[in-house]
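J.: To start, I am sharing the structure in question, which I have written as structure tokens.
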Amino acid sequence: MNKALLIIFAIAFAAAASAQQYKWVDKDGKVRYGDVPPPGVKATPLKPPPSGAAAAAPAAKKDPAGKALTPEQAFRKRQEEAEKDRDKQAKADQDAQQKRENCTRSQDALRALESGQRISRTDSKGERYFLDDSQVAQETAKARQNVQQWCN
């Protein structure tokens, strides 16, 4: 008996929830709403609320070839794209770090060349030699180019 009463109550509630709603103006000039307008009143039917079943189903995603993808295929495709994006970002981060390091080295070399101290190098025999003024000027010009290239 309780199950039958529960089923009847559920059906009645569902019918009431989907009942047509109306809007009308009463004799005092107030706008009223309800599911049953009083007799002799001009009532305007309102649009029913959208039901879950009437909502449009989302369109199936398609691959570049135009075929519809299953949810699992779409998930895998998103995962692959995310992995590519992560790899691309990691490479960009690595390149930026390398550029910062090259900039720092170039600036240090330029400072050393412009310091006015004697600059020495080691030749292929392992012997140390000092740069003359023209060699320092050439090295300074190269260092400035490197700073401009790496620090901009």
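J.: Under a Cβ-Cβ cut-off of 14 Å, what is the net charge of the residues other than Pro38 that fall near it, where Lys and Arg count +1 and Asp and Glu count -1?
T.: It works out to a net charge of +2.
J.: How much length is gained on full extension from Lys88 to Glu72, taking 0.36 nm per residue of separation minus their Cα-Cα distance?
T.: Answer, rounded to one decimal: 3.3 nm.
J.: Less than 21 Å apart at the alpha-carbon level, and either on another chain or at least 8 residues along: which lysines does that give for Lys67?
T.: Answer for Lys67, where 21 Å is the Cα cut-off: Lys77, listed by chain and number.
J.: While we're looking at this one, here's another question. When Leu131, Leu113 are ordered from fewest to most other Cβ atoms inside 10 Å of their Cβ, what list results?
T.: Least crowded to most crowded, the residues run Leu131, Leu113.
J.: If you don't mind, another one. Could you give the nm distance between label points at Asp35 and Gln135, where each point is 7 Å from its Cα heading toward the beta carbon?
T.: Rounded to a tenth, the inter-label distance reads 10.0 nm.
J.: Non-local amide H neighbours of Arg32 (under 5 Å, H modeled in plane, Pro and chain starts lacking H): which ones?
T.: It is Trp24, Val25, Asp26, by chain and number.
J.: Let me ask something else about it. When a footprinting reagent is the concern and you count Cβ atoms within 10 Å, what order do Ser124, Ser106 take, fewest first?
T.: Fewest to most other Cβ atoms nearby, the residues stand as Ser124, Ser106.
Where a number appears in this text, it was derived from the coordinates with a stated rule and is not lab data. Bear in mind that the values here come from a model prediction, so they are computed numbers and not experimental data. No Cβ is skipped: glycine too gets one built from the backbone with ideal geometry, and neighbour counts run over all protein chains shown.
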